Structures are given as structure tokens and as C-alpha cells.
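Q: The structure under discussion is supplied below as C-alpha cells; questions concerning it will follow.
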Amino acid sequence: MTLHAAALRLPLLLASLALASACSSEEPATEAGTDTGTECNLFTGAGCEDTGADTGTDGAADATEDTDGSGDPHGSGDEDTTLTGAAFGEPCEVDSQCASGLCLVMPDRSICTQPCPPDCPEGFACAPAMIPTSPSTDTCAPADFCEDGDSDTFGRGPACAGTDCDDDNARLNTVSAELCDNRDNDCDGQSDEQVATNGDSCDTGLLGVCQSGALTCVRGNNNCTPSQTAGTESCNGLDDDCDGETDENADSEVLTAECYSGPLGTAGIGICQNGLRFCADGTFDACEGEILPETEICNGLDDDCDGIVDDGFTIAVYFRDLDGDGFGDINDIGLRTCNRPANSATVTGDCNDGDADINPSATEIAGDDIDANCDGNELCFADFDDDGIRTSTSTSVATSNCILAGYANAATPEGDCDDTRASVFPGATEVVADGRDSDCDTAELCFTDADSDGYRSEATVSSANLSCADAGEASSAVPLGDCDDNDNARYPGRSDLCDEVDNDCDGLIDEDVSVITFPDLDRDGYGDATAAGTFTCLLVPGISTNNTDCNDAVAIAFPGSSEITGDGIDGDCDTTEVCYRDQDRDGYRSDTATIISFLDTDCNDSGEALSTMQGGDCNDQTNALNPGRPERCSDGFDNNCNGVIDEIGFCTP
């Protein structure tokens with residue numbers, strides 16, 4: 001035994017002794033579990049079974065024990081005995097409870113294990129992929145352990161024949177043959193590789209050379225791939241393009257090939273031409289239809305196929321000349337021959353072979369819409385502004401018909417005096433003072449400025465001066481608006497005078513020097529507030545420039561005037577009046593007490609009095625005291641308001 005193995009055995013031995021002592025104790029169990037009394041072997045698992053709700057004293061320590069007797073190992077009174085840092089062979093539930101960080105979970109138990117190499121303890125063997133959380137780490141496991149779900153002897157554990165990539169399928173393991181089923185049958189991490197049927201011959205279902213193929217497994221399916229793809233059809237007795245036909249061309253006709261047995265370089269020259277060979281039974285037959293060189297004769301052909309027609313004969317090109325003017329029809333391609341035909345010419349260029357006056361040597365006539373000299377041009381008159389009136393100037397234009405943009409024929413009226421403007425021609429409407437003779441009559445229509453004040457009217461006058469600069473004339477640049485072209489004192493912009501004349505030609509009279517006035521009948525300088533205003537520049541007595549007089553019949557009533565108490569007039573035009581008081585309504589007013597009337601200005605409302613009412617009321621709170629009352633004796637009042645109380649000789653008992 002190695003030193004390392006002995007070191008691993010020591011803590012396990014101590015743990016075993018402690019558990020064995022606990023298992024052999026004669027003290028009865030205190031909880032509902034049943035103790036088998038068998039010694040617990042941590043390596044094999046024998047005697048460590050927990051047969052009750054709580055093993056308590058059987059030596060196979062639970063992660064948590066029911067110490068409070070409640071039947072719930074997680075009760076509030078239970079002692080937490082969760083293992084942490086457990087040694088090799090000790091029970092565990094998760095990796096974190098083991099000192100090695102590796103908890104080997106088996107169907108009947110789970111124990112802490114260790115990585116290997118180094119060597120495993122006796123009874124254990126090194127096995128791969130035992131810990132799900134560390135699949136790449138080889139770990140120690142019981143030597144007789146094999147977890148084999150599909151009973152194919154392959155699974156997880158040292159006792160298995162090998163590893164199993166699918167323990168629910170006995171057909172998938174490391175010794176299974178790979179099949180074309182999109183599965184990893186041999187557990188090598190690949191699917192459908194090296195399938196036994198790959199490369200076997202098969203029928204693709206296609207036609208011709210594409211029919212034969214080889215099997216290839218693709219994603220679980222045996223595909224039949226053609227051994228040869230469709231190509232160009234050739235004469236070999238095979239269907240090369242896989243269309244179901246043999247030795248045919250694109251039109252499904254018999255395949256052919258050009259042939260020629262004449263001298264090299266003569267095929268396609270002169271009369272010589274290739275023949276054809278037809279494909280039959282996979283081979284081409286004899287050449288048919290070829291034309292070979294012959295002896296040259298005068299027939300307009302290259303009989304000997306040397307590229308020269310009628311060589312050895314005098315040859316010229318003749319053109320059709322039906323009008324006999326010595327020029328052949330320009331549209332005739334000509335005939336190269338050694339025999340001159342009738343009605344022909346050796347010079348071409350006649351653009352009208354039905355008229356002898358039309359040929360390249362003829363003289364051009366301007367504007368007749370005929371290309372007489374056949375140069376592709378016609379002499380046309382200018383009508384550049386396209387106003388329908390031409391000039392007398394002609395120019396050569398690439399046309400045979402002068403009725404086109406910018407040009408005119410001889411039938412078009414002549415006389416345009418400005419061919420750059422479509423609005424200028426004889427009979428056009430003259431535009432006043434535009435500096436142009438629009439109707440081509442050598443005169444211009446100008447505006448008038450008869451009084452020469454620099455402002456024109458709408459009136460016009462004919463002038464030989466296109467600029468309209470003569471005396472009494474005006475151009476369109478001269479301001480319009482003279483309301484009296486015979487008076488140079490009246491024009492737009494002139495200052496208004498108070499003369500009842502529209503001096504500035506704005507349609508208004510004296511408006512710049514006039515103001516709105518109102519009647520001032522009482523001539524107090526304030527106009528009637530109720531009257532309509534009048535616009536005038538003549539300010540005379542009896543009118544005012546304001547309308548603030550609230551009473552234009554009384555000269556003392558106007559804004560700012562002094563108010564006179566009790567006169568029944570709103571003297572300062574503030575809509576109120578200062579009245580005397582007669583509160584006891586005895587017909588006598590106070591001499592000093594006043595009241596402001598807001599209702600009206602007549603001082604005739606309750607408690608009010610005019611200045612015309614008799615004054616002297618010494619007590620305006622009672623109508624028993626006033627100047628019209630008799631004095632009464634011994635009442636202690638000045639009844640008649642004469643300033644004396646109970647005066648002797650005047651009072652009555």
C-alpha cells in the first residue's frame with residue numbers, strides 16, 4: 001500500500017471505529033427508526049442503510065437528524081448536523097459537502113470521492129465521467145459499480161464494459177456500428193459518419209448519364225448522388241444532357257456537325273459553303289450539301305471563292321438612274337458587274353430619282369421645302385421666335401421641310417422686324433412704352449407727360465422714338481399717377497395745400513392738411529361730444545378740433561371748468577353735479593352743505609336742492625326748523641332760523 005493510500009485510509013479508519021462503536025452500543029434507540037445493528041462499511045455501503053424515519057444511532061450519519069422528536073428532521077428544535085468538508089467515503093448529498101468537492105451519487109447511496117490518479121483505495125477503481133458537475137474528471141468509484149439503464153453492459157462505473165452516450169437506448173454505445181439515422185450510434189461524438197452504405201451504387205431516378213449514382217448519408221437519410229452531371233450533348237450514343245433524348249441538338253433534332261472538303265480558307269467565301277454531317281448510331285455520317293470552288297465567270301459571283309467577284313473581267317458598280325440626270329438613286333446599293341445595265345449611272349447620290357431637276361449638281365431654291373442638291377439640307381428662312389412671321393434671311397438647315405421650330409418656308413408671311421421675340425411681328429398688339437416696335441410699323445406707342453412734371457398718365461401717343469424720350473412723352477419707367485397731365489402743380493408726392501384741390505393725386509382733397517372738427521356752438525373752445533366730425537382744413541369760429549364738450553349750449557360747461565354749486569349744470573363735464581342739501585325736504589336748503597349727484601345734474605332728486613331754492617335752513621335734519629316757521633316760546637329751538645331762540649315779542653305760546 002502506498003503512503004498516499006495509507007494517509008487516505010487513516011481518517012476513514014477513525015470514522016469507521018467511531019461509527020462501529022455507536023452501532024455496537026447497547027443503549028436503546030430513542031426514536032422511531034430501526035437500527036439493524038450491522039457495522040456500517042463506508043467503502044461498500046453495507047450496514048449503512050437507514051431503515052427508519054431517523055437512523056440516529058446506526059452510524060450512517062444523516063445530513064440532518066430529527067433531534068426534537070417531531071418526525072421532521074428540519075423542525076425548529078432539530079440540531080443542524082449538515083456535513084461540510086467530509087472525507088473520502090463519507091456520505092454526502094452535494095459536491096460542496098465533500099473536502100474534495102466531488103460527491104459520487106449512486107442509486108443506493110452517495111459518498112465523497114476523490115480524483116484519480118493517484119490510485120484509488122482498495123475496493124475502488126478509477127472511472128471517467130462519474131460526477132455530472134465535473135464530467136472531464138476521472139474519479140474513484142466502487143469497483144463493482146455499473147449504472148446501466150438500457151442493460152447493454154455500457155454505462156457509468158468501473159464495472160461497465162465502457163461508457164454509454166445514451167443509457168436509455170441499448171443500440172447506442174461505443175461498440176455499436178454507425179447507422180444512417182442521424183444518431184451517434186458508436187458514441188464518438190459524431191452522427192452518420194462512416195456509414196457502411198456510403199458509396200453503394202444506386203438509381204437517382206434521373207435520365208441518361210445522370211441515372212447512376214452512389215449513396216451518401218445526410219442527416220439520417222441515404223441520398224443517391226449522381227455519379228455524373230448533365231453536360232453538352234455529343235454524338236456518342238449517350239444521353240449526355242440527361243433529358244431523355246440521345247444525340248440531339250437544342251431543338252430536339254438530330255445532332256449535326258459542319259463539314260467542308262474544299263481548299264483551306266475558302267469555306268464561306270464567295271459561293272463556297274460548309275455542308276453538314278448527321279449523327280447516326282453514335283457517329284457522324286458523310287458530309288452533305290457542301291459547295292466547292294468553280295471556274296470564275298462574269299455573273300456577279302465569286303465562283304472560285306478567292307474573295308473577288310468576277311475577277312479577270314472589267315467590273316464597275318452601277319446604280320439605278322430612272323430620271324436620266326446622270327446620278328444614280330441614293331437608296332440603291334448598286335450592282336457590281338462586268339455588264340452595264342440599262343438606265344444606270346456609275347455615280348450615286350440622287351435623292352429623288354423621279355425628278356431630273358433634283359440631283360447633287362442642282363441649285364438650291366430657298367424655302368421651297370425641296371433638297372434640290374441632295375446634300376441633306378434645305379435653305380430655310382429664319383423664324384427663330386416661332387411667331388409665324390419670317391425674315392428675308394435664309395440659312396442651310398439639315399432638313400427637307402422648313403416647317404420646323406425656328407424656321408419657315410417661302411409660303412410663311414415675311415416682315416418680322418425682331419426675330420428674337422415672338423411678341424414682335426406685323427399686326428401684333430403694341431405694348432405701350434416697352435422700347436420695342438411690337439407691330440413692326442417703325443413707331444412706338446408712348447405714355448404722355450404733357451405737363452412734363454415727371455409723372456405720366458394712362459394716355460398714349462405714337463412716337464418715332466422707341467425710348468419715348470421726346471417732349472410730352474414718357475416711358476413705362478416714368479411713375480404713373482398724374483391726375484391732371486395739364487397742370488404740373490398736381491402729381492403724386494406733391495405736398496397738399498388747403499385749396500380744395502387734390503394736389504398729390506391720391507384721390508383725396510386737402511387730406512394732409514385737414515383735421516376732424518366738431519361744432520362748438522357755445523364757442524367755448526370745446527366741440528360737441530354728441531356731434532359727428534367733419535374733415536376740413538379751414539378752422540373758423542364755431543368749430544373745434546376736439547369733441548369733449550358735454551353741453552355745447554352753455555359756454556361755462558366744458559372739461560376743466562369750475563363747477564357752480566346747485567346751478568343744475570355739469571360744469572366740468574365729469575357727469576356729476578354739486579347740489580345743495582335739503583334732506584328734510586321742507587323747501588329750504590342749507591347755505592353750506594352740499595351733496596354730489598351721480599344720477600343726474602338737475603339737483604332735483606331726494607335730499608338735493610338747486611341754488612334757486614331759498615336758503616337759511618339752520619337744521620336740515622328736521623322740517624320743524626326753517627325760515628318759514630313761526631318762533632315758538634320756551635321750546636329751546638330757533639324755530640324760524642333767525643339766529644335767536646325764543647326771542648321775546650316774536651314767539652307764540
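Q: State, to one decimal in nm, how far the label point of Val644 lies from the label point of Leu521, with both points 7 Å from Cα in the Cβ direction.
A: Output for this residue pair reads 5.2 nm.
Q: Got a number for carbon plus sulfur as a percent of the chain's accessible area, 1.4 Å probe? Spell out each step's value before the answer.
A: On the way: 18650 of 35840 Å².
Exposed carbon and sulfur together represent 52 percent of the surface.
Q: So if I place +1 on the C-beta of Lys and Arg and -1 on the C-beta of Asp and Glu, and nothing else carries charge, what would the dipole magnitude of segment 253-382 be about its Cα centre? I want it in debye, nearest 20. Don't skip to the end; give the middle numbers.
A: On the way: 4 positive and 29 negative charges, 91 e Å.
It works out to roughly 440 debye.
Q: Right, another one. Would you mind putting 309-316, 502-509 in packing order, based on average other-beta-carbon counts within 10 Å, highest first?
A: 502-509, 309-316
Q: I need the phi-derived Karplus couplings for segment 392-398: 6.51 cos²θ - 1.76 cosθ + 1.60, θ = phi - 60°, integer Hz, Gly and Pro marked x.
A: With coefficients 6.51, -1.76 and 1.60, one gets 8, 8, 10, 8, 7, 10, 6 Hz.
Q: 222 nm [θ] for the chain, helices only, -39500 (n - 2.57) per DSSP H run of 4+, per residue, to 500?
A: -1000 deg cm²/dmol
Q: Residue by residue, what Karplus-based ³J(HN,Hα) values in Hz, rounded to whole numbers, does segment 621-626 have, using 6.51, -1.76 and 1.60 with θ = phi - 60° and x for Gly and Pro?
A: 9, 9, 7, 8, 10, 6
Q: Taking just the C-alpha trace of the chain, give me its Rg and Dmax in Å.
A: 69.7, 191
Q: Ranked from highest to lowest mean number of other Cβ atoms within 10 Å per residue, what is the order of the peptides 103-114, 205-216? Before the final figure, lay out the partial values.
A: On the way: 103-114: 18.6, 205-216: 16.8.
Output ranking for 103-114, 205-216: 103-114, 205-216.
Q: Here is a further query. Give me the one-decimal nm value for the distance between modelled label points at Ala356 and Asp512, 7 Å along each residue's Cα-to-Cβ direction.
A: It is 8.8 nm.
Q: Using only the heavy atoms of the protein chains and a 1.4 Å probe, how would Glu444, Glu294, Glu608, Glu147 rank by accessible area, largest first?
A: Glu294, Glu147, Glu608, Glu444
Q: Work out from phi, with θ = phi - 60° and the Karplus expression 6.51 cos²θ - 1.76 cosθ + 1.60, the ³J(HN,Hα) of each residue of segment 284-290, listed in order in whole Hz, and give x for Gly and Pro.
A: 8, 8, 5, 5, 10, x, 6
Q: Also: Taking every DSSP beta bridge that has both residues in segment 482-600, what percent is antiparallel when rounded to the nearest 5? Could you put the intermediate results ahead of the total?
A: Working: 9 of 10 bridges.
Around 90 percent of the beta bridges assigned by DSSP in segment 482-600 are antiparallel ones.
Q: A further question on this structure: Could you list which residues have their amide H under 5 Å from that of Glu444, counting only those 5 or more apart in sequence or on another chain, with H placed in the peptide plane?
A: Those qualifying (amide H under 5 Å, at least 5 residues apart or on another chain) are Ser463, Ala464, Asn465.
Q: Right, another one. Enter the Cα centre distance for the pair segment 349-395 and segment 552-617, rounded to the nearest angstrom.
A: Each part's Cα centre sits 112 Å from the other's.
Q: For Cα pairs less than 8 Å apart in space and 6+ apart in sequence, what is the mean separation divided by the residue count of the chain, i.e. the relative contact order in percent?
A: Across the chain, relative contact order equals 3 percent.
Q: Rolling a 1.4 Å sphere over the protein heavy atoms, what is the accessible area per residue of the chain, to the nearest Å²?
A: 55 Å²
Q: What percent antiparallel are the DSSP beta bridges of the chain, to the nearest 5?
A: 90 percent
Q: Would you please give the residues with an amide H less than 5 Å from that of Glu473, counting only those at least 5 places away or on a separate chain, with H modeled from the backbone geometry?
A: For Glu473, whose amide H was placed from the backbone, the distant partners under 5 Å are Asp449.
Q: Under a 5 Å amide H to amide H cut-off, with H placed in plane at 1.01 Å, what residues pair with Gly328 once short-range neighbours are removed?
A: Amide H neighbours of Gly328, under 5 Å, 5+ apart: Val347, Thr348, Gly349, Asp350.
Q: When ranked by the protection proxy of mean other Cβ atoms within 10 Å per residue, highest first, what sequence do the peptides 261-274, 577-590 form?
A: With the highest mean Cβ count within 10 Å placed first, the list reads 577-590, 261-274.
Q: In whole Å, what is the distance between the alpha-carbon centres of segment 247-280 and segment 412-483?
A: 85 Å
The values are calculated or read from the model by the stated rules, or taken from the named source; none is laboratory data. Computed from a predicted model, the values in this text were never measured in an experiment. Cβ coordinates were reconstructed from backbone atoms using ideal geometry, including for glycine residues, and neighbour counts include every protein chain displayed. Heavy atoms of the whole protein, side chains included, go into the accessibility calculation; ligands, DNA and RNA do not. Shrake-Rupley method; radii C 1.70, N 1.55, O 1.52, S 1.80 Å.
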